[in-house]
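See below for the structure under consideration.
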Amino acid sequence: MTLDALVDGVHAWFTAALPDQGIYALMVFAFIAGLARGFSGFGAALIFVPLGGAIVGPKLISPILLVIDGVASLGMIPPAWRGANRREVFVMAAGAALGIPAGTAILALLDPLLLRWSITIIASCLLALLVSGWRYHGEASAPLTSGVGLIAGLFSGAAQLGGPPVVAYWLGGKSDFTRVRANVVLYFSISSVLSAISYYFGGLFVPAVFALTVVVLPSYAVGLYGGSKLFGLAEERTFRIACYVLIAAAAIIGMPLLDGVLR
């Protein structure tokens, strides 16, 4: 096979794997999601999954987010490793190891329309949890920490929505926001590896996932970098409110009833 033939073949595969419309919208959504993730350590899925799922469907958007976040956030892991409470993170990850395969089965088997409605409802409920200001203020224990990881893993496997339970649990403790952010970043780096293994065996890594990853990864990486730079510069309360507004908008616009808005 000649080089020209190889290039033509790759181009044909790439073109066939991409959706007919919505590419630019996905790039914008990826940038906004990356901005939220870079600042707070979470929030990307609550923005990107409902909106992106309205364009390409939930079975594609969750693996796409998993790949782009895993690649783009590699630089966040070393400082998170130094700043996190690694014992707590690994205990929570142990629980996630049980929840992620169950969530992946839901993603692979559930009807796409029903799954999209479920994602919208879950995202709205998790947003309400965050906005309410409720935090767990009891004593941390290994069984409880792993139990939170189990629930977060279930949400992560099904739609990469495992952030809010984890954040609500850790913010209620004695750690400051910097330690919580480091915990969250390190936890999700481990969770991403577990999800990747589960998604692979679930048959979710189809060609369109990697084609769309190439397209939206740069936008997500720029947002992630910008959000990381904002951390420590912007007021936490101001950016937190902005994230809540974006998440709420994503949950509403991502509803199947409003598909015409994004298509």
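Annotations for the structure displayed:
- Taken as a whole, the range 11-24 holds no residue that is crowded, with 16+ Cβ neighbours inside 10 Å, at pLDDT 85 or above and part of a helix (DSSP H, G or I).
- Residues of the range 200-213 that turn out to be part of a helix (DSSP H, G or I) and either open to solvent by less than 50 Å² (accessible area, probe 1.4 Å) or modelled with pLDDT of 90 or more (or both), as a count: 7
- Among the residues of the range 171-185, not a single one is open to solvent by 20 Å² or more (accessible area, probe 1.4 Å), under 18 Å from residue 42 (Cα atoms), modelled with pLDDT of 85 or more and not basic (Lys, Arg).
- Only residues that are closer than 22 Å to residue 62 by Cα, surrounded by 21 or more Cβ atoms within 10 Å (Cβ to Cβ) and at pLDDT 80 or above were counted in the range 107-149, giving 3.
- Just one residue in the set 75, 103 is open to solvent by 30 Å² or more (accessible area, probe 1.4 Å) and either under 23 Å from residue 33 (Cβ atoms) or not aromatic (Phe, Trp, Tyr) (or both); that residue is 75.
- If the condition is being surrounded by fewer than 23 Cβ atoms within 10 Å (Cβ to Cβ) and in a helix (DSSP H, G or I), then the range 49-58 contributes 55, 56.
- Residue among 190, 247, 241, 197 that alone is modelled with pLDDT under 70 and not basic (Lys, Arg): 247
- Cross-chain or 6+ apart pairs with Cβ under 7 Å, the range 62-90 first and among the hydroxyl-bearing types (Ser, Thr, Tyr), then crowded, with 24+ Cβ neighbours inside 10 Å and outside any helix (DSSP H, G or I): 62/160
The values are calculated or read from the model by the stated rules, or taken from the named source; none is laboratory data. Since we're looking at a predicted model, the values are computed, not measured. Glycine gets a Cβ as well: all are built from the backbone with ideal geometry, and neighbour counts include every protein chain shown. What goes into the accessible areas is simple: the full protein's heavy atoms, side chains included, and nothing from ligands, DNA or RNA. Shrake-Rupley method; radii C 1.70, N 1.55, O 1.52, S 1.80 Å.
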